[in-house]
Amino acid sequence: MFDLARDSNGALYLATGPEAKVWRLGPADESPVEILAHEREQIFAVAVVNTALLVAVSGDGTTRLERIVGDTSQVICTLPDTRYIWDVTVADGHAYLATGSDGKIFRVDLAREGPDALREVFDATQSNILCLGMDAAGVLYAGTDDGGLLFRIDLGEDGTARTFVLYD
């Protein structure tokens, strides 16, 4: 298991890879229920937004963010030059994607679809951004693997980023 997220009803969603499956557990399920599977891909991150589940699918030339509502899966955007989506965090109608192997953060406007929904907000010049977190003030934090850096990222209204290495 790589990631998990809980919805407002108490159901837990589990991202597993390398077999690229998402499972739902509870609150009424007796055992985990497989809700999504993709062959030859990986799922490292999931997030819940309102009644939707966001699923970050990684693969060679197929990396994308999907939205699942009920039994329907929809591609929000693709990241053709990105190998991995390691983490997803959500705030104010946007999803932030931690990626590799080029170490970038993308902001996805969840009200849009396709290339217009996606915007690069930060390039860490590290191979992978592995984890994201956001504080109550809307400051984004990102951790990398190469140098073990922790970045503080202040996001402007237009999605621009002012960055600072908080920990090296």
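Which residue is modelled with the highest pLDDT, if the candidates are limited to the stretch 85-136 and must be open to solvent by 60 Å² or more (accessible area, probe 1.4 Å), within 15 Å of THR63 (Cβ to Cβ) and part of a strand (DSSP E or B)?
So the residue we want is TRP86.
Please go through the stretch 74-107 and pick out each residue that is in contact with a Leu (Cβ under 6 Å, 6 or more places away or on another chain), free of Cβ contacts under 8 Å to residues at least 40 places away in the same chain and under 14 Å from CYS131 (Cα atoms).
Passing the criteria: only PHE106.
Does the stretch 140-156 include one or more residues that are touching a residue at least 24 places away in the same chain (Cβ under 8 Å), of a type outside the set (Lys, Arg) and under 21 Å from THR78 (Cβ atoms)?
no
Any residue at all in the stretch 22-32 that's in contact (Cβ under 8 Å) with a residue 24 or more places away in the chain, over 24 Å from VAL139 (Cα atoms) and open to solvent by less than 20 Å² (accessible area, probe 1.4 Å)?
Looking through the stretch 22-32, at least one residue is in contact (Cβ under 8 Å) with a residue 24 or more places away in the chain, over 24 Å from VAL139 (Cα atoms) and open to solvent by less than 20 Å² (accessible area, probe 1.4 Å).
Could you tell me whether any residue of the stretch 57-72 is surrounded by 17 or more Cβ atoms within 10 Å (Cβ to Cβ), of a type in the set (Asp, Glu) and under 25 Å from GLU39 (Cβ atoms)?
yes
The values are calculated or read from the model by the stated rules, or taken from the named source; none is laboratory data. Just so it is clear, the model here is predicted, and its values are computed rather than measured. Heads up, the Cβs are rebuilt from the backbone with ideal geometry, glycines too, and the neighbour counts pull from every protein chain shown. Each accessible area value is taken on the protein alone, full model and side chains, heavy atoms only, with ligands, DNA and RNA left out. Shrake-Rupley method; radii C 1.70, N 1.55, O 1.52, S 1.80 Å.
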